[in-house]
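Written below as structure tokens is the structure these notes are about.
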Amino acid sequence: MEKQVGAYEKLKSIIHKNDFVGYVFAAPFIVGFLGFTVVPMLMSLYYSMTEYDLTSAPIWIGFRNYIQMFTGDVRFWNSIAVTFKYVLFAVPLKLVFALLVAFLLTRNNRIVSIYRAVYYLPSLVGGSVAVSLVWKQLFSRKGLINSVLLGIGLERINWLGSEVWSIVPLILITVWQFGSSMIIFAAGLKEIPGSYYEAAKIDGATTVKSFIYITLPCLSPIILFNLVMQTISGFMVFTQSFVITQGGPNDATNFIALYIYNQGFRYKNMGYASAMSWVLLMMIALVTLIIFKVSDHFVFYEASDN
Amino acid sequence: MGMHAKKRLTFICYHVFVGGLGLLMIYPVVWMILGAFKDNNQILNNAAQLLPAEWHFENWKNGWNGFMSYTFGTFFKNSLFVAISSTLATMLTSAMVAYALARIKFKGRKLWFTCMIGTMMLPGQVIMIPQYMIYNKLGVVGTYVPLILPHVFGQAFFIYQMMQFISGVPKELDEAAYIDGCSKYGIFARIILPLIKPALITTLIIQFYWKWDDFMGPLIYVSRPEKWTVSFALKNFADTSGVSDYGAMFAMSTVSLIPVFLIFLFFNRYLVDGMSQTGLKG
């Protein structure tokens, strides 16, 4: 009886120890992280060196998938190229637009908050299948965009059927969703002390000048954050190209995420798709690293000792 | 007077520009909603007309009837089930993990925090293929398990946000409760959870909306029509009958966005707060 009580007391003291409580509460993340992130990543590293179609046993082929990808797969190189092209246009345009509109909407009154809501709406609905379907119609041969072009005396463009133009609707649907970046910028703008602008005004600075010399440097950490997050999600673009262009015409919008999906789930080349996932991960890591390195030269952190 | 006139002109120019741009921004959405009342001919040949020439209310009924004997009612129910269960799971588990990482001093806390931040930067598509293999081995492809299970492990984005919130709760509250005999578990349930309610609501709104919009998950894991979610059904609907009935397609596109519109109208503040907090402190 006494021994039982002792065991109970001991158990009680264990379950209230910090180390125990911590792991109880952190358990969901730890289990998920190990089981659904670390294990899949290691698995995909293994499968990337096999030929695997899900039904028969995987066959070990060493680095052949990687070699094939880099030396024998024109579609892979093309998908990298079009993804970069998309990111290089869509991300900077989106951020510039977001920043300018946020700057225009700094005033705080009712009508400005309505404007802000209106500008924010596209980023809320833009990722949906519904809007992608609308986009497809807007850019069709006799669609709204071409009607406008005809109306102002230009010629129709075969947006979705041309290798040159088909990436444009996809870039535009991304830029159109600048609202969430705008919200982040707007929050950052609020943090800049008004006295900076007043001082600049007394010194005779114009709005443009105070934007360049006050707003941009003060916002640079937030610009960096947005740039990194948008670049990462830019590399992952999927739904829009899947619905609007299906990667076409002739692979002109066959973004890497779409190509991985098709290799894995349509052609059942799970090994090859795993290898491509790893290359994509390395690519994103490299690009992020470069952005951080370059940012050392332009990101301005307020000195903490003052 | 000249000064006054100039000021007024600036004011007018500002509102014409900002307002005009705003209209341009929501034009595609308005065009979609009004398209739901048009006939094929007008949608295809007179795209520049915004208002319907005739109002075709039957588009909504035709669309709602869905296809293969399943109405959009079924797809709506499916989407609601997946979105609500994932969202509730995310809320609870993210709060738990945030509490551990923000308040409990346990061995390995720093390491797990670093891992958590790491997963925030990890693009989901990278592990999509092996995750599919795992679910395939478990024999749950075709069910909702792969769509909901990932959310019972907490989600880095929300964990991080809740940690920010928890660090704003005065530690004295925990200590006072501890002295009064409240355990660490009780502190979580009685002090932390009620006090981070705004962060929980933000999570509710954002996660629900992400899950509602999700297309890739259902595309990979769901095949039988009775299990389709709204976004996936809409894509299939457009592929099969959209060609013949654009009005119905736009009607169902509009229907698929109703929850998002409702969130926008009533919970906009939480979305905006959620976005701006992560951005600033990230």
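Tell me, yes or no, whether the range B:218-227 has at least one residue that is hydroxyl-bearing (Ser, Thr, Tyr) and crowded, with 21+ Cβ neighbours inside 10 Å. Yes: the range B:218-227 contains one or more residues that are hydroxyl-bearing (Ser, Thr, Tyr) and crowded, with 21+ Cβ neighbours inside 10 Å. Selection of first residues in the range B:125-152 that are more than 10 Å from chain A (Cβ to nearest Cβ) and of second residues that are surrounded by fewer than 16 Cβ atoms within 10 Å (Cβ to Cβ) and among the aromatic types (Phe, Trp, Tyr), restricted to Cβ pairs under 9 Å at least 6 apart or on distinct chains, gives the following pairs, ordered by first then second residue: B:144/B:81; B:148/B:81. Counting only helices (runs of 4 or more DSSP H) wholly contained in the range A:146-219, the ones carrying 3 or more residues that are in contact (Cβ under 8 Å) with a residue 60 or more places away in the chain and closer than 23 Å to residue B:271 by Cβ occupy A:167-176, A:179-191.
Of the listed requirements (1) over 21 Å from the mean Cα position of the chain (by Cα); (2) more than 9 Å from chain A (Cβ to nearest Cβ), residue B:238 misses just one: (2). Surrounded by 17 or more Cβ atoms within 10 Å (Cβ to Cβ) and either free of Cβ contacts under 8 Å to residues at least 12 places away in the same chain or facing chain B (nearest Cβ under 8 Å) (or both): is that true of residue A:37 in this structure? The answer is yes for residue A:37. You will find that of A:66, A:47, A:86, the residue that is of a type outside the set (Val, Ile, Thr), within 14 Å of chain B (Cβ to nearest Cβ) and surrounded by 15 or more Cβ atoms within 10 Å (Cβ to Cβ) is A:47 and no other. Among the residues of the range B:253-274, the one identified as touching a Phe, Trp or Tyr at 6+ places or on another chain (Cβ under 7 Å), more than 8 Å from chain A (Cβ to nearest Cβ) and surrounded by 19 or more Cβ atoms within 10 Å (Cβ to Cβ) is B:255. The requirement of being facing chain A (nearest Cβ under 9 Å) and among the β-branched types (Val, Ile, Thr) is satisfied by residue B:26.
Of all residues in the range B:84-111, those satisfying the criterion of being within 7 Å of another protein chain (Cβ to nearest Cβ) and basic (Lys, Arg) are B:105, B:107, B:109. Might you check whether a residue that is surrounded by 14 or more Cβ atoms within 10 Å (Cβ to Cβ), under 30 Å from residue B:252 (Cβ atoms) and in contact with a Lys or Arg (Cβ under 6 Å, 6 or more places away or on another chain) occurs anywhere in the range A:140-148? Checked the range A:140-148: at least one residue is surrounded by 14 or more Cβ atoms within 10 Å (Cβ to Cβ), under 30 Å from residue B:252 (Cβ atoms) and in contact with a Lys or Arg (Cβ under 6 Å, 6 or more places away or on another chain). Does residue A:131 count as at pLDDT below 90, within 11 Å of another protein chain (Cβ to nearest Cβ) and either surrounded by 17 or more Cβ atoms within 10 Å (Cβ to Cβ) or more than 14 Å from residue A:234 (Cβ to Cβ) (or both)? No, not satisfied. Report whether or not residue A:209 is out of contact with any Pro (no Cβ under 8 Å at 6 or more places or on another chain) and within 14 Å of chain B (Cβ to nearest Cβ). When the stated conditions are applied, residue A:209 does not pass them.
The values are calculated or read from the model by the stated rules, or taken from the named source; none is laboratory data. Worth saying up front: this structure is predicted, and the values here are computed from it rather than measured. Reconstructed Cβ throughout: ideal geometry from the backbone, glycine too, with neighbour counts over all protein chains shown.
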